Structures are given as C-alpha cells and as structure tokens.
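What follows is one structure encoded as structure tokens, with my remarks underneath.
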Amino acid sequence: MENKNKKSKIRRHDKGHKRIILAEYFKDLSEMKRLSFFITVTYLSSILSLSQDIKSPDEFLGFEAGTRFTFHYEAVAYIKYISEVSPIAHLIEYGKSYEGRPLIVCLVSAEENLKNLDEYRKNNLIKAGFEEGRFTGRQVPFIWLGYNIHGNEAAGMEAAMKTLYTLVAGRYEGSGDWLESCIIIIDPCQNPDGRDLYASRYRTSQSSFQDPDRNAWEHTQGWPGARSNHYFFDLNRDWAWQTQAETQQRIALYNSFMPHLFADFHEMGAETTFFFAPGADPWHEVITPWQHEFHELMGRANAALFDRESRLYFTKENFDLFCPSFGDTWPLFNGSIGFTFEQGGGGVSGLAYKKVTGDTLTLNERIKGHFTASMATLKVSHDNRERLISEFNRYFEENLRKPSFNYKSVIIKGSNDNSILESLKELLARNQIRYSQAGSVGKKFKGFSYASNAEGETVIEKGDLLISAYQPQSRLVQVLFEPDSKASDSLTYDLSAWAIPYAFNLKAYAIADQIKPAAEEQATEKVWNEYIDTEKPYAYIANFTGFNELRFVAALHGKGIRPRYSLKPFSSGGVVFNKGSVIITRSDNKLFDNKFERIVTDEANKLKIRIVPVTTGLVDNGKDLGSADTPLMKKKNIALLCGEGTSAGPVGELWYFFERELNYPVTLITAATAQKADLRDYDILILVSGSYTGLKDTIIDFAKKGGKVIAFENAISVFSGEKNTALFKASEARSAELKAAEKNLRSDDTLLLRKFEDERRHPLSERSAGSIYRVKLDETHPYTFGLGSEWFLMKRSATFHPFLDKGRNIGYITEKEPVSGFAGYKYKKKISNTLVIGSESIGSGEVVYITDNPYFRAFWKSGRVLLGNVVLR
C-alpha cells in the first residue's frame with residue numbers, strides 16, 4: 001500500500017540531519033497562521049526533494065529487484081548509503097563472518113529515538129535485570145527483523161533492503177507512527193558467506209533468459225549446499241549453543257538490546273505457500289500465555305494482509321516451538337516474542353521456478369511475501385507496543401521472584417574436568433546465565449543426579465558451581481537444564497532432548513532447594529609453570545583429565561615435540577597420574593637440546609596445563625616411563641573425505657573441530673580426488689556419513705596397508721558389506737535374527753490398519769527424535785580415556801550394529817530406554833545391546849566404527865575427548 005499522505009515523510013527528513021521544529025521560528029501563533037501556507041509549501045518542497053533524493057534499491061544497484069541476486073557487498077553498500085543520507089537510519093557493524101564479510105544491522109526510528117538510543121537500551125536491560133543503574137521511566141519496543149540466516153534462502157536479503165527503503169522513505173501507511181513509537185533493527189543477512197556462495201554459483205550457472213525448468217543447472221547447485229556458513233553449520237540451529245562466530249557476534253549484539261520481538265525470515269520448499277504464526281505443537285511449557293496470545297495476534301495480522309493480496313498461507317503446522325536451537329524459540333526463552341516466517345521457494349527456485357501446478361514462482365513474488373510479513377509484523381508490534389513492554393518486564397520479574405523450574409538450584413561439581421567447566425562457563429556467559437560458587441559447603445542435599453538419571457544426593461564441596469533458578473534467565477535455565485523436556489506431541493521438528501549436563505558429560509545435580517551462593521568466592525588457582533634454565537629434568541608429565549591435555553599434545557606436535565602417554569595409572573615423585581597422562585621425555589626429543597624445556601613449558605602455560613618435572617624414568621608405582629605401556633604418540637597426517645556423496649554438515653563439524661578446537665591440521669580431500677590420490681602420505685582417513693561405493697576398494701586397501709580409517713554413521717557400511725571383516729559377520733548374524741523375528745508377524749494383525757491422516761506419524765515408531773542414550777564404555781581402552789565408565793550420546797541414527805566377535809567393543813548401549821527425549825517403540829526394541837564405538841584390525845591397519853555423531857553440532861562438548869583420543873593415540 002502506497003501512502004498517499006506524505007506527512008510521515010515531512011516529519012522525518014532533513015538534509016542537514018536536523019529536525020525542523022516550526023515553533024522555534026515562530027513565537028506568535030497568529031504569525032504562524034499568517035505564514036503557514038508559505039512555510040508549508042516551502043517545507044514540503046524541501047522534504048519531498050530529499051525523499052526523491054533517497055534512492056531505492058533498484059536505483060542504487062542499477063537493476064530491478066527480483067531480476068538478479070544482489071551480492072552481499074552491494075547490499076552493505078546500499079545500507080551504508082541509507083544510513084548516511086537518512087537521519088532516521090543508523091548502521092552498526094557488529095562483526096565479521098569467518099570469510100571476512102561484515103555483519104551489520106541497521107536501526108530505523110524517529111530521529112529523537114535514535115538520539116536517546118542508549119537511554120532506551122539501558123532502560124530495557126535494567127528492567128530485565130541484566131544491568132544496574134537508574135531506570136528513567138522511558139521504554140520503547142525494540143523490534144528485530146532477521147533475514148537470510150540460510151544462505152540459499154536468498155529472497156531474505158532482497159526483502160530486507162525493500163523493507164528498509166520503505167521505512168526511511170515513509171512509503172507504507174502508518175510507517176511514520178511505527179518509527180515514532182518503536183526502534184526497528186534490520187539484520188539484512190545473518191549468513192553472508194552462505195549467501196554469497198549461493199549468489200555467485202547462481203550467476204555462474206544462470207542462462208541469459210530466465211529458465212524456470214527445474215532440471216536446469218541453475219536450479220541444482222552442488223556440494224556443499226549454500227544453506228550453511230563457512231564450516232557448513234546450520235546457523236538456525238546454533239542459537240542456544242553459539243558455537244559459530246556469526247552466532248556469537250549476533251547474540252552479543254542482541255544481548256545489548258534484548259529486543260521485545262524477533263522475527264526470523266526463512267524459505268522452505270518451492271511447492272509450498274507461506275507459513276506464519278501461530279507455531280505448531282509442541283510448544284515448550286515455559287512459553288507464557290502472553291507469548292501464546294501474541295502469536296495469535298501476529299497470525300491474524302498477517303492473514304489480513306495476505307488475504308487482501310490473495311496470497312496462500314498456512315499456520316500451526318510443521319514449525320513447532322520446543323527446541324531452543326532456533327531463531328524463534330531462543331528469543332521466546334529470552335522474554336521476547338519469537339517468530340519464524342517461511343516463504344515457499346528456497347535455493348532451488350532461483351529467479352523463476354515452474355511448480356508442479358504449472359504456476360511460475362518468481363524471486364519477485366518471494367520478496368513480496370517476506371515484505372508483506374515484515375509490514376504485518378511492524379504493524380501488530382506498534383499496535384501492541386505498550387503490552388509488549390509491560391509483559392517483557394513482567395517476564396523477567398517473574399523469573400527473579402517466582403521461577404517456574406521445579407529445581408531451584410543446579411549444582412555442577414567442581415571435580416569435573418577443567419576444560420569442560422571452562423566450555424560450560426563460556427556457554428552460560430553467552431546466554432547471560434548467572435553462576436557462582438555454591439554456598440552451604442559440607443551440607444548434603446537430595447536431588448536429581450544426571451549421571452544416574454535418578455534421584456540421588458550430593459555434598460556441596462568447595463569449588464562446586466551453583467546455577468540458581470532465581471535469576472533473570474530462570475526460564476532459559478529450565479529449558480537448558482531440565483533432565484527431560486515435556487513435549488505435548490512426539491512429532492517434533494528437531495530434537496526432543498538436549499540437557500547440557502548430558503551434552504557435557506557433567507557430574508551435576510538438580511536440587512529442589514534454593515541454595516545460596518558462597519559468601520566469598522574462592523579464587524581460582526592459576527596454573528603457571530616456572531621455566532628454570534639450569535634445571536634439566538628427565539621428563540615432564542601432564543596428568544590427563546580431559547580435552548585440554550589433548551590440545552596440549554596437538555600443540556607439542558605443532559612444535560615437533562614427541563610425547564608419550566600412559567596406558568595405565570602410575571605415580572612418580574609422590575604424584576598420582578591417571579591413565580592417558582602425557583609424558584614428554586628428553587630422550588625422545590634430543591634434537592631440541594636446550595630449547596626443550598622452554599618449548600614444553602611455554603605450550604603448557606598457554607593452555608593452563610600443569611606439568612610435573614621428574615628426574616628419573618623410574619616410577620613409584622605402575623609402569624616405568626620407558627615401558628611398552630607408555631607408547632610414543634606419533635604425529636598423524638589426517639585426511640577428511642568431503643565433496644559429492646558425503647554429508648556436508650558432519651564434514652564441517654569435524655573441520656571446525658580440528659581447526660577451532662583441537663588446533664590440529666587436517667586435509668580435506670574430495671571423494672573424486674581420493675580415487676586417484678596417493679593416500680600413503682596419510683596416517684588417518686576419516687569418513688563421515690555418506691556413500692563411498694566407488695571408493696570401497698581404495699578405503700579397504702588403505703587400512704590393509706597400515707592406515708587407520710575412522711568411519712562414522714552410515715559410512716560404516718563400507719565395512720559391514722565387506723565379507724572379510726568381523727563387522728560383516730556380526731551383521732549377518734544380526735540380520736538372520738531379525739528376519740526370524742519378522743516371521744512372527746501376522747498378516748491379519750490389526751496394527752497394520754492405519755489411518756491416512758496419521759501417515760506422518762507412522763515412521764515415529766522407528767526413529768529417535770534426537771534422544772539421549774547412556775553408553776557404557778571399556779574404561780581400559782585408550783579411546784575412552786577421560787570419559788569415565790559411562791558417557792551420553794545424542795542418538796539420531798536408525799542403523800544398529802551388533803557387538804563384534806573379533807575386534808574391540810569399546811562403547812555400547814545396553815538399555816532400550818533413552819535417559820531423555822523421545823524414541824519410538826520399534827526403535828527401542830532394536831537399540832539395546834548394540835555397538836556405538838568399536839574397532840577391528842584389517843591387514844596391518846585399523847578401522848574404528850562410531851555409529852553416531854559424537855560431536856553433534858559442536859555443542860556436544862564431551863565428544864571432543866573421544867575424537868581427540870581416536871586421532872592422537
């Protein structure tokens with residue numbers, strides 16, 4: 001709708017970036033009346049001229065919207081231009097993507113609001129309890145519109161530019177009032193690396209004439225999909241976990257405003273229409289009645305505009321509000337009103353796409369869909385602005401005073417591994433969750449033990465961490481720490497379980513009592529190893545507790561230092577060392593001569609690793625330092641297969657793990673290159689989930705000649721189908737057992753009678769909706785060092801592998817019930833007594849089987865220890 005009344009333009013534009021207030025020039029009302037006609041005409045001419053001077057995206061970029069995809073740098077240039085020429089637009093560059101592209105938002109509001117931005121922002125944080133200070137009594141709603149978090153959902157950034165221009169030019173009815181009463185934050189592209197990958201590929205493949213044929217090259221982009229970021233992460237599943245740089249920087253900015261509403265604009269399949277609120281079931285139980293109500297309000301507001309334009313849409317289907325990973329749920333759990341909007345289209349649609357109905361879906365139509373939803377979002381936010389603010393304030397007041405979580409305290413034992421505790425603290429800080437050292441030291445409390453998945457008890461010790469439910473983020477604490485989230489429907493869009501103590505393999509307790517923080521914080525002991533030039537120890541030893549020691553090994557390899565590790569516990573110089581401890585002897589590193597001490601000490605200090613110098617290879621108890629039970633850790637050359645046929649997400653997770661967590665080099669080799677490459681240069685070959693039919697012989701030959709192959713998920717089929725492996729023989733026996741069981745099924749069983757309307761639910765019985773299972777471990781195996789006797793795994797795979805008759809059954813599931821989340825009844829019948837981690841020798845090499853992703857989305861932090869052990873030991 002074009003605004004025929006130009007009044008909103010008049011109030012907001014001035015080339016000198018100053019608001020003209022007529023009362024300053026005229027003290028006498030009669031004089032104002034006498035000269036009003038002249039002034040109105042003059043002022044209108046000036047303002048209309050400025051409005052005409054503000055270029056639309058089409059005018060600035062030099063092409064009509066919808067006729068090509070804008071590159072990210074072009075959109076940034078346009079938004080910078082808008083912020084320079086318009087006094088009601090303010091650009092913030094809040095970070096960089098992994099590939100160096102700027103991450104920006106543009107704030108749009110009345111000039112007076114922008115002048116008082118810091119006051120409004122601080123008032124918002126004070127009312128939410130995140131900042132101390134004097135509340136001035138003034139609040140306005142912050143409305144955040146986020147676009148293009150998936151790179152190939154490319155209509156988003158185009159719609160963002162159209163929305164920005166419409167607001168600054170006052171070209172939509174009521175937009176002037178919106179800007180007077182709200183501060184609008186537009187994030188045009190949350191994933192610029194993925195966006196530019198998509199746009200550049202499309203430019204390369206598109207024809208001179210628009211080609212809507214779905215078989216055309218331009219509609220079939222290759223590996224990896226441009227949906228994700230540089231490391232192939234889905235950024236819309238990273239909100240709660242904040243593993244990726246783009247997410248971390250965006251949420252740091254988000255937390256500095258704490259918006260009252262967040263709308264996330266997406267695209268879905270090309271044959272679909274448009275989805276807007278209300279969301280589908282299940283809704284998490286912490287979502288408030290007001291948040292439910294506002295979803296209904298938003299749905300009606302969108303429906304009114306979509307009906308007017310005769311656009312098709314649907315609500316309350318597919319997109320639920322349960323798991324905290326998303327751009328609608330995470331804001332909801334942060335006191336905001338979170339929404340997902342889904343326009344039919346996506347990467348396959350390109351500039352034009354012929355649907356099965358015969359209609360052609362154009363980029364321009366997709367832009368209009370998101371633009372219409374953007375306008376509806378702003379209108380309903382403005383119309384309900386006072387309630388948005390009051391309910392936001394109430395949300396955090398209730399969190400502080402009346403937390404809904406049954407458990408008022410979560411105790412994280414200080415005896416957990418330091419590296420996992422540091423990762424936990426980082427995650428809590430990014431989510432603005434407060435923690436402290438626990439008070440009531442020496443007192444015993446009953447509560448839920450995550451490790452045993454049952455009621456237990458614990459005695460508070462010095463150094464234990466307390467996460468209290470009495471804090472601004474109380475509801476988010478409940479979401480992230482409740483042992484088993486309650487879902488009203490098992491048909492969920494994503495995960496059904498995610499509790500942090502399981503993901504981090506923490507010794508932790510959820511306690512109904514309110515435990516107070518310690519009166520005085522105990523200072524954290526600083527680790528610093530003194531370098532004494534005159535002392536020449538026989539060896540240095542680092543006690544193995546977890547991932548930091550593996551990073552230490554990686555750092556030593558980077559310097560050329562050769563470490564060993566202990567297969568069994570031992571003591572030396574009165575100090576007890578765990579199995580897996582890192583031993584660095586002078587004898588193994590003679591080439592470094594006088595630099596040996598300095599290198600080892602410096603690397604240990606960087607990682608806050610305490611190293612113990614010893615003067616002899618003789619130990620007090622256990623095996624001596626030169627024993628066969630202290631093998632040398634050779635630096636491994638690692639190849640990770642990628643490209644067509646492999647699953648990009650798991651490839652990216654491992655790539656990220658090596659580069660950003662372990663800090664160890666890995667070579668990514670495409671499957672096509674691997675067919676002709678000389679793999680003898682590599683010690684380890686990693687296969688993520690994928691199809692390796694054409695590489696089977698190459699992979700098996702690599703193992704036979706002494707290489708180590710690590711096969712994840714369905715990549716295990718390379719070996720389960722090879723007749724000479726122990727896995728093949730075990731799988732054959734298992735298949736025979738299952739076939740025998742199937743003979744008991746009767747053709748007249750009434751369970752076979754299924755309703756058409758339940759068709760989507762039929763597969764639920766055979767799947768795990770991201771449930772968590774307990775894995776029992778062989779503690780004596782080097783791959784499990786640091787994990788204990790049990791570990792927890794996010795189970796999604798529906799392929800089950802039997803125990804190995806010849807080989808090593810390192811980790812396995814013995815129970816059919818998950819500790820948290822949903823698994824179907826048929827799934828549970830099959831999962832008990834199945835392999836999770838196994839290995840066997842093939843020729844002079846080794847194959848390691850890992851049936852599920854142990855480092856799921858990089859937030860399953862306990863999996864780092866398993867991965868590090870497997871590649872470094």
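Tabulated data
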{"quantity": "FRET efficiency, 1/(1 + (r/R0)^6) with R0 22 Å, evaluated for Asp805 and Lys568 via beta carbons", "calculated": "0.25"}
{"quantity": "Ordering of 130-137, 290-297, 206-213 by packing [mean C-beta count within 10 Å, highest first]", "calculated": "290-297, 206-213, 130-137"}
{"quantity": "Candidate values [x] 65, 34, 30; [y] 52, 33, 28; [z] 47, 37, 24, label of the one derived for semi-axes √(5λ) of the Cα gyration tensor in Å", "calculated": "[y]"}
{"quantity": "Proximal aspartates and glutamates relative to Lys636, as straight alpha-carbon distance under 18 Å, when same-chain residues fewer than 8 apart are discounted", "calculated": "Glu549, Asp588, Glu659, Glu661, Asp678, Asp681, Asp683, Glu846"}
{"quantity": "Under 5 Å, built H, 5+ apart or other chain: amide partners of Leu668", "calculated": "Leu640"}
{"quantity": "Degrees separating the helix 29-53 axis from the principal Cα axis of the chain, which is the longest one", "calculated": "50 degrees"}
{"quantity": "Helix 155-168 axis, angle to the chain major axis (alpha carbon atoms, nearest 10°)", "calculated": "40 degrees"}
{"quantity": "The stretch 197-318 shape via C-alpha gyration tensor axes, a/c threshold 1.5", "calculated": "oblate"}
{"quantity": "Cβ-Cβ FRET estimate between Gln210 and Asp307, R0 fixed at 35 Å, reported to 0.05", "calculated": "0.75"}
{"quantity": "The chain - share of DSSP beta bridges that are antiparallel (%, nearest 5)", "calculated": "65 percent"}
{"quantity": "Length gained when the stretch Leu117-Leu591 is fully extended (0.36 nm per residue, less Cα-Cα span)", "calculated": "164.5 nm"}
{"quantity": "Candidates per GluC sites (Glu not before Pro) in the stretch 602-671, loop by DSSP, up to 16 other Cβ within 10 Å", "calculated": "Glu644"}
{"quantity": "Approximate spin-label separation Ile92-Ser735, in nm, with each point projected 7 Å along Cα-to-Cβ", "calculated": "5.8 nm"}
{"quantity": "Highest to lowest packing among 856-862, 465-471, 719-725, scored as the average C-beta count within 10 Å", "calculated": "856-862, 465-471, 719-725"}
{"quantity": "³J(HN,Hα) computed for each position of the stretch 108-122 - Karplus, 6.51 cos²θ - 1.76 cosθ + 1.60, integer Hz, glycine/proline x", "calculated": "10, 5, 4, 3, 4, 5, 5, 5, 9, 4, 5, 5, 5, 5, 5"}
{"quantity": "Spin-label pair Glu426/Thr220, simplified geometry with 7 Å Cα→Cβ offset, distance in nm", "calculated": "4.1 nm"}
{"quantity": "Set Lys635/Lys708; Lys739/Lys829; Lys444/Lys516; Lys590/Lys634; Lys526/Lys606; Lys507/Lys829 screened for pairs whose C-alpha atoms are more than 18 Å apart", "calculated": "Lys507/Lys829"}
{"quantity": "Calculated [θ] (222 nm, deg cm²/dmol) that DSSP helices of n ≥ 4 give over the chain, each run adding -39,500 (n - 2.57)", "calculated": "-10000 deg cm²/dmol"}
{"quantity": "Crossing angle, helix 245-257 versus the chain [Cα axis fit, 0-90 degrees, rounded to tens]", "calculated": "50 degrees"}
{"quantity": "Residues whose placed amide H lies under 5 Å from that of Phe314, excluding near-sequence neighbours", "calculated": "Phe274, Phe275, Phe276"}
{"quantity": "Gain upon complete extension [Leu618, Ile532; 0.36 nm per residue less C-alpha separation]", "calculated": "28.7 nm"}
{"quantity": "Solvent-accessible area, 1.4 Å probe, carbon plus sulfur percent, for the chain", "calculated": "49 percent"}
{"quantity": "Residues of the chain: accessible area per residue with a 1.4 Å probe, Å²", "calculated": "42 Å²"}
{"quantity": "Asp177-Ser789 FRET efficiency (beta carbon distance; Förster radius 51 Å; 0.05 resolution)", "calculated": "0.20"}
{"quantity": "Those aspartates and glutamates that a straight Cα-Cα span of less than 20 Å connects to Lys115, excepting residues fewer than 8 apart in one chain", "calculated": "Asp14, Glu24, Glu84, Glu93, Asp177, Glu180"}
{"quantity": "Solvent-accessible surface (1.4 angstrom probe) belonging to His90, in square angstrom, nearest 10", "calculated": "80 Å²"}
{"quantity": "Most to least packed among 214-220, 301-307, 239-245, 155-161 [average Cβ atoms within 10 Å]", "calculated": "155-161, 239-245, 301-307, 214-220"}
{"quantity": "Ranked order, Arg401, Arg754 - accessible area, probe 1.4 Å, largest first", "calculated": "Arg401, Arg754"}
{"quantity": "Distance between modelled label sites at Thr136 and Asn663, nm, 7 Å Cα→Cβ extension", "calculated": "4.4 nm"}
{"quantity": "Coil-residue trypsin sites (Lys or Arg not before Pro) of the stretch 417-488, DSSP, other Cβ within 10 Å capped at 12", "calculated": "Lys443, Lys462, Lys486"}
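The values are calculated or read from the model by the stated rules, or taken from the named source; none is laboratory data. It should be emphasised that the depicted structure is a prediction, and the values quoted were computed from it without experimental measurement. With ideal geometry, Cβ positions are generated from the backbone for all residues, glycine too; neighbour counts draw on all protein chains shown. These area figures cover heavy atoms from the full protein model, side chains too; ligands, DNA and RNA do not enter into them. Shrake-Rupley method; radii C 1.70, N 1.55, O 1.52, S 1.80 Å.
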